[in-house]
Amino acid sequence: KNICSPAGFIKGTCMDFENVETENKKISKILSKLVKTTFFKTIKVDLNKPCKLWDSNDFCYGQACSVEGIASTDVPEKWAKKPSSSSKAAPVFGMPSKAATPKQTSDYAVVDDEYGKGEWIDLVANPEKFTGYTGTSANQIWLSIYKNNCFGVAPFIQDDSPFTTNSQLVYPPKQEKRFPAFLQNLATEDNYFSFKPSIPHEINMFYSIISGLHASTSTHICHDYFDKESNSFKPNLGCFIFRIGSFPQRLNNIYFNYVFILRAVQKMSHYLKDYDYSYGNLKIDKKTKKLVHGLVDTINNISHPFNETKLFNNENTAHLLADVKNNFYNISQIMDCTDCVTCKLWGKTQVLGLATALKSLFSTPEAYFDKHYDLANLKRNEIVSLIVTLNQLSQSLNFITHFRGMYQNFIDEH
Ligand code: FAD
């Protein structure tokens, strides 16, 4: 029953699936326009940082694995050029700074410096999709994330599909004609979780964030899957069923991440509305601001999507925050080991987006987002990543709805 159609409450949040999908219809319309604006599609990422963990030697050279950069002359000077020290106190809001900028100790991820090394990338021109990056390298990264940085919670099962192949739902292409027991089998990690004694909510949240990121990436891959027969990218239902749709936990975690970021946007709403997105093109600047306001107002209308105040709030759990930050930071460094540039771009961007949400919810006092904006001390890249990651999740929700329809047609036809 759960295949492609999750129902009830999203574990770890205060919202149910149906409600989130209804809200996403409105949010997704605004987001899809917002991420195409110059401010939000332009990001600086260091894609050449060496992998500190192992020798990368499984490089994906295919065209889909590479990205097209933007010439630095085409990047608005305002973003590319470091502000002079006299203007440093008020880099984005144009208001006088009342306090010295605090030392940046609250980061949950490496934040590539816009003025340092790195490439300027147009995210719209380099979408997240199937690239063909697979095998030892990709597996090693996920393995390293789950095994070494998820508090021992996460199972990592190589042969993960509890289903056998169906001739019509072939993914990846296999010869045998066997039928899956789609509705009886529960996926392995769901069994694992149901047998696990109670885990602190904070650790469950951490695992959900990672697994949700992984599942959302897989959803994009399956939706923009390269079909060799037609030589084009198109949705692959088998891919979705075998990698995400048949795992209620993975589906849950995509929705979890979406709701988690919605709550971060709510907390940051004044800050996001007042932020200076302009770069000198009056028409586009006005449009960007209007879209941000529309987005924030729509998200603010959702009551209590997620309650962050219940986490890390007592003597048994407060200490976990340092570990969560540390592990997330490690994961952001693992991204440098990704041997496919497009994948690295999206891996780094979304890890930073989630890290910005974590930082906002757990390490930034409310007042910093209400009036003491300069103390929030966020970089442009963090704002871009937050919104872009929300959009990737929003698209994943749309893709899930699409796959649900495809799956229903498949069932009707068989
Ligand atoms: P993988 O997705 O590699 O998963 C490995 C194992 O993890 C599975 O066997 C399973 O046991 C477990 N697992 C899978 N999903 C979950 C989940 N949601 N929660 C918990 N456990 C899970 N490929 C592209 O084509 N395009 C991209 O943009 C892209 N971006 C990537 C970004 C990063 C940072 C990385 C590390 C890889 C990326 N890849 C991308 C590769 C892609 O994620 C897969 O690794 C690849 O398609 C091989 O898939 P797989 O079926 O072996 O399983």
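Worth pointing out:
- Inter-site label distance for residue 322 and residue 61 at 7 Å from Cα along Cβ, in nm: 4.7
- Only alpha carbons enter this Debye calculation for the stretch 262-414, each as an equal point scatterer, and the log10 of I(q)/I(0) it gives at q = 0.08, 0.10, 0.15 Å⁻¹ is -0.31, -0.47, -0.96.
- Ranking of 414, 214 by count of other Cβ atoms within 10 Å, fewest first: 414, 214
- In terms of surrounding Cβ atoms within a 10 Å radius of their Cβ, 346, 79 rank from fewest to most as 79, 346.
- Label zone (residue 414, point 7 Å along Cα-to-C-beta; backbone nitrogen cut-off 16 Å) within the stretch 212-250: 236-247.
- Computed E for residue 282/residue 309 - FRET, C-beta separation, R0 41 angstrom, nearest 0.05: 0.50
- Sorted by Cβ density within 10 Å, fewest first, the residues 312, 9: 9, 312
Just so you know, all these numbers are worked out from the coordinates, no wet-lab data involved. In this text the structure is predicted, and so the values were computed from the model without any measurement. No Cβ is skipped: glycine too gets one built from the backbone with ideal geometry, and neighbour counts run over all protein chains shown.
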